[in-house]
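Structure, as structure tokens:
The values are calculated or read from the model by the stated rules, or taken from the named source; none is laboratory data. All figures in this text were calculated on a predicted structure; none of them were measured in a lab. Methodologically, a virtual Cβ is constructed for each residue, glycine included, from the backbone with ideal geometry; neighbour enumeration extends over all protein chains shown. For accessibility, only protein heavy atoms count, side chains too; no ligands or nucleic acids. Shrake-Rupley method; radii C 1.70, N 1.55, O 1.52, S 1.80 Å.
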Amino acid sequence: MHPAFFDEAPRILVRDPLADLLGAAAGGLLEYHYLDAVRVAGHSCPTVAGAWLMARAALRALYPHESAERGGITVQMPAPEDEGVTGVISQVLTLVTGAAAGNGFHGISGRFVRQGLLGFADAPDGEAVRFTRRDNGKSVMVALDLSSVPPSPKARALMGAAMQPDATAVQRAAFGAAWQDRVRRLLLEHADDPAVLRVTPLA
């Protein structure tokens, strides 16, 4: 069982023309939940939650009056794929936007191509991720700053105890709860916080 707040986190609705064509979703509409991102990453942490909110913020800015088109967006990461948490963030962004690197879908008769829509170390801003609509060229930069949502003061000590070979189930559970509390606050209390998510439209 996952923490209950996962189900309360903001959801992301997109329209995927490929899913529509292949009969995977009526009208191509796909609703993603935070748990989907957790399943892709294999864990829940502030980085995964932050990437989820970055995708949500970017799509809301690029498609303010309609469902975002999955596969219709390019994503430019500011750092190499093996640097820091870039890889984790990019996996979540690929899930939501459909933008993939060289291993992405090649398309059908020149349509629905996902390959090459995700780039690394090529964003103009050294910290923010650039999202661009392929149909009209509209772009936004989204930067994530988690400093205003600090971890529990007890988290470090609880982690130390939980990581010990002889850690008890109670100790591991206590650390897990403290760890997820920061994720909960980020998703439920700061999803639209400009101090956490800086969205900058580009000309």
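Quick notes
- Near the amide H of residue 29, within less than 5 Å, lie the amide hydrogens of 16, all on another chain or at least 5 residues away, with H placed in the peptide plane.
- Backbone HN-Hα couplings from phi across the stretch 176-187 [Karplus 6.51/-1.76/1.60, Hz, Gly and Pro as x]: x, 5, 5, 5, 6, 4, 5, 4, 4, 4, 4, 6
- Residue-averaged 222 nm ellipticity for the chain, from DSSP H runs of 4+ at -39500 (n - 2.57), nearest 500: -11000 deg cm²/dmol
- Per residue, the stretch 86-203 exposes an accessible area of 55 Å² to a 1.4 Å probe, with every protein chain left in place.
- Most mobile of 44, 152, 67 in a GNM of the chain (Cα contacts under 10 Å): 152
- Residue 48 sits among other residues whose Cβ lies under 14 Å from its own Cβ, and their net charge, with Lys and Arg +1 and Asp and Glu -1, is +3.
- Taking the Cα centre of the chain as origin and assigning +1 to Lys and Arg Cβ atoms and -1 to Asp and Glu Cβ atoms, the resulting dipole is close to 120 debye.
- Backbone geometry of the stretch 31-41 corresponds, through the Karplus equation with coefficients 6.51, -1.76 and 1.60 at θ = phi - 60°, to 3J(HN,Hα) couplings of 9, 9, 10, 4, 4, 4, 5, 4, 5, 5, 6 Hz, x marking Gly and Pro.
- Nearest 10 degrees, 0 to 90: helix 46-62 Cα axis against the chain principal axis: 30
- Heavy-atom accessible surface of residue 82, to the nearest 10 Å², is about 130 Å², with a 1.4 Å probe and all protein chains retained.
- Between 78, 153, 64, the GNM of the chain built on Cα springs shorter than 10 angstrom shows 153 fluctuating the most.
- Across the stretch 92-203, the mean sequence separation of Cα contacts (distance under 8 Å, 6 or more residues apart), normalised by length, yields a relative contact order of 23 percent.
- Residue order for 89, 73, 108 - accessible surface, 1.4 angstrom probe, largest first: 108, 89, 73
- Normalised by the number of residues in the chain, the average gap of Cα pairs under 8 Å and 6 or more apart makes the relative contact order 22 percent.
- Here the Karplus curve 6.51 cos²θ - 1.76 cosθ + 1.60, taken at θ = phi - 60°, turns the phi angles of the stretch 169-174 into couplings of 4, 5, 5, 5, 5, 5 Hz, with x standing for Gly and Pro.
- Only protein heavy atoms count here; under a 1.4 Å probe, residue 109 has an accessible surface of about 120 Å².
- Ligands, DNA and RNA excluded, the heavy atoms of residue 138 present near 80 Å² of accessible surface to a 1.4 Å solvent probe.
- Expressed as a whole percent, the accessible surface of the chain that belongs to carbon and sulfur atoms is 54, based on a 1.4 Å probe.
- Considering only 113, 96, 140, the mean-square fluctuation computed in a Gaussian network model of the chain, springs between alpha carbons under 10 angstrom, is largest for 113.
- Each part gets one Cα centre, and for the stretch 112-174 versus the stretch 17-82 those centres are 14 Å apart.
- Heavy-atom SASA rank of 74, 168 (probe 1.4 Å, accessible area, largest first): 168, 74
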